[in-house]
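Remarks on the structure that follows.
Please treat every number below as a calculation from the coordinates, not as lab data. Just so it is clear, the model here is predicted, and its values are computed rather than measured. As a convention, Cβ positions derive from the backbone with ideal geometry for all residues, glycine included, and neighbour counts pool all protein chains shown.
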Amino acid sequence: MTRKVTVPIIVLSTLMLMGAADPKLFPPREATDVLIRVSSATPGREVQVDGGIATLADGSDSAHMTRQTPFELHAHAKYLVGIFGTKSSQSPIRVEVVIQRSPGEPATSTSTGTTVIVHMTAQLGPFTMPT
């Protein structure tokens with residue numbers, strides 16, 4: 001089931017990233033530090049997670065990973081899209097995205113599910129959505 005959902009979501013996220021990068025839609029803003037925390041939704045249980053992120057700052061970058069929870073990812077970006085998922089519907093994950101909008105003012109978004117989409121723009125802040 002995850003594979004059937006993953007490809008359309010990645011395509012949609014890429015289109016969202018391209019749209020967010022259009023200066024006519026959103027005026028440019030400085031890149032910001034992004035922290036992504038991925039953990040098991042069940043305390044004390046480790047879960048294997050497949051994921052990928054794409055970022056845009058002065059250049060673009062992408063990464064794919066397979067890791068055990070808990071783990072953190074750090075990025076510096078104007079725009080970020082990503083997807084994280086587990087292979088078992090019995091093992092949901094919790095994904096939290098934190099950015100610093102201004103000193104002392106973090107913006108946070110958290111979702112729980114077996115597949116979680118992450119989208120962040122420096123203008124609008126973080127957004128997460130379970131599927």
Relative contact order (%) - the stretch 47-97, alpha-carbon pairs under 8 angstrom, separation at least six: 44
Added length on full extension, which subtracts the Cα-Cα distance from 0.36 nm per residue, HIS76 to ALA107: 9.7 nm
Residues in the stretch 47-91 that a label on ASP33 would reach, taking backbone N under 16 Å of a point 7 Å out along Cα→Cβ: 72-78
